[in-house]
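Following: one structure in C-alpha cells, then a few remarks.
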Amino acid sequence: MRSSPVSNMSRIVLKPGREKSLQRRHPWVFSGAVARVEGEPESGATVEIRSSQGGFLGWGAYSPKSQISARIWDFHEGARIDTEFFAGRLRKALARRTLLADATAASGAMRLVHGEADGLPGVVIDRFGDWLVLQLSSAGAWRWRDEIATLAADITGARHVFERSDADVMMLEGLTPRVEPVSGDAPSAPIAIEENGVRFEADIARGHKTGFYLDQRDNRALVRDLSSGREVLDCFCYTGGFTLNALAGGAAFVTAIDSSGDALAAARRHVRLNDFPEARVDLIEADVFAQLRKFRDQARQFDVIVLDPPKFAPTASHAEKAARAYKDINLWAFKLLRPGGILFTFSCSGGVHRDLFQKIVAGAAVDADVEVRVLHHMSAAADHPVMLAFPESEYLKGLMCQTG
Ligand code: SAH
C-alpha cells in the first residue's frame, strides 16, 4: 500500500477566533475561516490545522477547490493518517453496525459507513449482499480510495467493490465522477436484497445514490404497519420502496406516482418479484405537482399518503424556493386525505432544517383548512447515524401526521 501522503510542511492556519467550531468537534474548515495555507499541499493531502495562536486543532484533508477547505480526519495531535488509521475507522464503523444487526443483517443491505458521522468525511459505503458500493465525495476520500476499498473488502469479506462516486456535491470539490468496479466484477444484473421481509433488486451501477434508498427502511415499516385495508398514495415512489411495503402490509390499493418510467418499470418488477397482485397497484408516470391537482379535480381520496420528494434544497441558499415546493405538495396531500387519514411527509434537503420543515407543513395544513396532529417524528434509519457535533448529518426528516 501507498505510504501516507502527509506533507509535514503543509498547514492551514485559521483567522483569529475561527477555531471555535473545530474545538466543538465540527469537522469542516470553511474557506472563509482560513488565514493562510502553508506549504503546497496537493488536493486531498493531509494537512495540519492550527489556530491563529498556533494551537493544534486537527489533521484534515485539503480540498483546494471547495468552499470547505479541509475536512478533519482526526482531532488528536498524536494521530497518524495512514492505512492503519483507515482500518481502525472502518472496523469501528462496522462494530457500531453489529449492534443494529437484527434490523438489517437479514436483509443483506445496510449502510456500513456514513461519512462524517463515522469519522470518515466524504466516504459512504453501502453493502448489498456480496457487493460493497463506495461513494467518495471529497478530495481526501478520493485520495485514499484504493486503501479504503481494499480494507473495506478485507474487513467485511465482501467479494466485490463497486464505485459510485457521482454525487452532485463532487462537482463542488472539482472531482470528476467515477462509476466503475474497484475490485471484482461489475454487476451483470441488479442485486437481490430484502427489506422488512420484502424483496427488491438494487441497481448499484445505474440506480439513484448507491442503488437503493436504505435510509427509509424504518419509515417504510411504519407505512406497512398502517396500510392494512387502506387506500394508499405513494408520491415520488422511485422503485416502489413504500409501495411494496404498503402492499406487504395488506393495503387495499396502492397508487404510486413517479416521473421516471425506468423507476416505475423497476417498481412493477418488484411487485411481481413479491407475488403481489398487480391489480392492487396503479403505477402512474406523471409529475406529482400536476397529478395531485388532477386527483383533486376527480375528487379522489386516500387513507394514507406518502410524500418522499427529491432534494429540493441541496443547500440553505435554495431553501426559499424549496419551501414553496414542499408547501405545495403537502397542501394538496392534506386536501386528498380522508378525515383521520395519515400523511407521511419527508424532506431530505440539507438546506431545510427540521423546524423549518415542520413550519412549512403547518402552513400547508392551515391553507388546506385541516387540523393536523404529529404522531411521529421520523429520520433516517440507525445505520445512518447523526453526529451530535455535526448536525448537517441529519439530512432526512419526516413527520407522520394525522388529520381530523
Ligand atoms: N420514495 C422512494 C425514493 C424517492 S426518490 C423510495 O422509497 O425509494 C425521488 C423520486 O422522485 C425519484 O424517483 C424521481 O424520479 C422522482 N421525481 C422527481 N421529481 C418528480 C416530480 N416532479 N414528479 C414525480 N416524480 C418526481
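Note down all Cβ pairs under 7 Å where the first residue falls in the stretch 298-316 and is within 18 Å of P339 (Cα to Cα) and part of a strand (DSSP E or B), the second is near the ligand (Cβ under 9 Å from one of its atoms) and of a type outside the set (A, V, I, L, M, F, W, C), and they're at least six residues apart or on different chains.
V306/D234
Taking only pairs six or more apart or across chains, which ones have beta-carbon atoms under 8 Å, a first residue in the stretch 374-386 that is among the polar types (S, T, N, Q), and a second residue that is surrounded by 15 or more Cβ atoms within 10 Å (Cβ to Cβ)?
What qualifies is S379/V386; S379/E394; S379/L396; S379/K397; S379/G398.
Got a sec? Which helices (runs of 4 or more DSSP H) wholly within the stretch 103-190 have at least 2 residues that are farther than 24 Å from W59 by Cα and either among the aromatic types (F, W, Y) or at pLDDT 95 or above (or both)?
On the way: elements: 139-143, 145-156, 169-172.
Qualifying helices (runs of 4 or more DSSP H): 145-156.
Just to be sure I understand, how many residues within the stretch 335-364 are within 27 Å of the chain's Cα centre (by Cα) and farther than 19 Å from S227 by Cβ? Full working, then the answer.
Taking the stretch 335-364 first, the residues within 27 Å of the chain's Cα centre (by Cα) are 342-364.
Next cut, farther than 19 Å from S227 by Cβ only: 347-364.
Result for the stretch 335-364: 18.
Here's a check for you: in the stretch 281-301, which residue that is within 29 Å of the chain's Cα centre (by Cα) and of a type in the set (D, E) is surrounded by the most Cβ atoms within 10 Å (Cβ to Cβ)?
E285
Looking at the stretch 202-222, which of the residues that are touching a strand residue (DSSP E or B) at 6+ places or on another chain (Cβ under 6 Å) and not in a loop (DSSP other than H, G, I, E, B) is farthest from A246 (Cα to Cα)? Walk me through how you get there before you give the answer.
First, the residues of the stretch 202-222 that are touching a strand residue (DSSP E or B) at 6+ places or on another chain (Cβ under 6 Å): 202, 204, 210-212, 214, 217, 219.
Retained after the next criterion (residues that are not in a loop (DSSP other than H, G, I, E, B)): 202, 214, 217, 219.
Working: A202: 19, L214: 17, R217: 13, N219: 11 Å.
That would be A202.
Given the residues G122, G108, G129, G88, which is the only one that is in contact with a Ser or Thr (Cβ under 7 Å, 6 or more places away or on another chain) and of a type in the set (G, A, S)?
Numbers: G108 fails: in contact with a Ser or Thr (Cβ under 7 Å, 6 or more places away or on another chain); G129 fails: in contact with a Ser or Thr (Cβ under 7 Å, 6 or more places away or on another chain); G88 fails: in contact with a Ser or Thr (Cβ under 7 Å, 6 or more places away or on another chain).
Unique residue meeting the criteria: G122.
Which members of the stretch 217-246 meet the condition of being within 10 Å of the ligand (Cβ to nearest atom) and under 19 Å from R269 (Cβ atoms)? Walk me through how you get there before you give the answer.
First pass over the stretch 217-246, keeping only residues within 10 Å of the ligand (Cβ to nearest atom): 217, 219-220, 223, 234-245.
Listed by number, the residues that qualify are R220, D234, F236, C237, Y238, T239, G240, G241, F242, T243, L244, N245.
Identify, by number, the condition in (1) under 26 Å from M171 (Cβ atoms); (2) at pLDDT 95 or above that P5 doesn't meet.
In the conditions (1) under 26 Å from M171 (Cβ atoms); (2) at pLDDT 95 or above, P5 misses (2) alone.
The values are calculated or read from the model by the stated rules, or taken from the named source; none is laboratory data. It should be emphasised that the depicted structure is a prediction, and the values quoted were computed from it without experimental measurement. Note that we place each Cβ from the backbone using ideal geometry, even for glycine, and neighbour counts take in every protein chain shown.
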